[in-house]
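Read the structure below first, then the notes.
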Amino acid sequence: MLMRVPAVLLGLTLVAPQNAPAPPPAQPSFTEWLSGVRAEAKTRGIKDATLDAALTGLEPLDVVIERDRSQAEIVQTLDRYLEQRVAATVVRTARQKRAEQAAVLKKVSAKYGVPPAILIAVWGLESNFGRFSGVRPTIQTLATLAYDPRRSAMFREELFDALSILDSGDVEPSAMRGSWAGALGQPQFMPSSFLLYAQDFDGDGKRDIWSSTADVFASIGNYLAAKGWTRDQTWGREVRVPETTLQAVAQTAPFQTEGCLARRQMTVPMTVTEWKKLGLRSRTGGPLPDADIPASLVSGVKRHFLVYPNYQAILEYNCVNAYALSVGLLADATGSGPAAATSTKSAAASKSSKGTKTSKGTKKKT
Ligand SMILES: [Ca+2]
């Protein structure tokens, strides 16, 4: 439990060493705290009936805090992570799901400009293709995290947003489930993202990212489009960085200094043509095309990638290079969507994965 009993009540004397940090302010009981949340939710216009259904009898969920405090750090190398996330079995499932969902993917892709294979890849990585979208009751999870003082302000806002979602009738309280961190449904949207980006694509009046595949794909597509995904451009490509070019690369293209960690782990952008002049090659060792698309270099241990503006939209989904590269590579292996035409006319077709024969026609690659 999170209740703190002041030492004085226990008859103890605390001798604070000099410069000791001030003791944390007394924490109200969960019940007291929750009544404050309820009062504020009312002033934000959330209906009594919604608050009754969502908050009555609510108790904190200790496992959420335990899990939150023991988040494992990623110690895997980028290369190893990609190997696992884009394993042959995952690719097989992605292709199968893409075929099964072809009709709705085509419609969603036409509306939002995000290729079917990218939608499938994000879906696959977020929820194992809809098989797992989290079983934690969201209101209870968010209330627990908001009551915990560490990131209280952020989770309190998410809790109000989750109550707003219930208020809008998109989902019943018992069905509003997600991750231990409060991410909802198959796209794993935080409630604030749900309110901004979730879509009712099947037209039943509910934004159902828990069980409507159409709504799930449209919500992912809408999110990426809103974050700057540009139709008919791809995300990037794997490249070869010959050892003889490493010094020139380091001198010419320093790491970025702003943004989330993933952005500081990539170089400043240069055009593909400039990278070509520095000596970078395609994944298979061939020449890079001439293209003026801006590209940053992201490097693992042995694998290297040039990432384009659309990659930045994937990072907005989850700002981790291992994640965003997994999305791109899984999408490539799944098969391209609508012809990924780009600013280049040179069709230096270097397939980034063997056996991607699902695409029709000639694909121009950047
Ligand atoms: Ca719907």
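Here, each number is a calculation from the coordinates, and none is a lab measurement. Just so you know, these numbers come straight off a predicted model, no measurement behind them.
Among the listed pairs K42/K107; K42/K106; K42/K206, those whose Cα-Cα separation exceeds 30 Å are K42/K107; K42/K106.
Summarising the amide proton neighbourhood of F189: residues at separation of 5 or more, or on other chains, whose placed amide H is nearer than 5 Å comprise L184. Computed from phi, the 3J(HN,Hα) profile of the range 259-274 under the Karplus parametrisation 6.51, -1.76, 1.60 (θ = phi - 60°) reads x, 5, 3, 4, 6, 7, 9, 10, 7, 4, x, 9, 6, 4, 4, 5 Hz, with x in place of Gly and Pro. For the range 20-142, the calculated P(r), taken from all Cα-Cα distances in 10 Å bins from zero up to the bin holding the longest distance, is 9, 23, 22, 24, 18, 3, 0 percent. Per-residue Karplus couplings for the range 308-320, computed as 6.51 cos²θ - 1.76 cosθ + 1.60 with θ equal to phi - 60°, are listed in order as 9, x, 4, 4, 5, 5, 5, 4, 5, 6, 7, 7, 9 Hz, Gly and Pro entered as x. Pairs of Cα atoms in the range 236-307 fall into 5 Å distance bins, from 0 up to the last occupied one, in shares of 3, 18, 31, 29, 14, 4, 1 percent. In order along the range 136-146, the Karplus-derived 3J(HN,Hα) couplings, from 6.51 cos²θ - 1.76 cosθ + 1.60 at θ = phi - 60°, round to 6, x, 5, 4, 5, 4, 5, 4, 4, 5, 6 Hz, and Gly and Pro are given as x.
If you take the Cα centroid of the range 204-277 and the Cα centroid of the range 83-119, the two points sit 18 Å apart.
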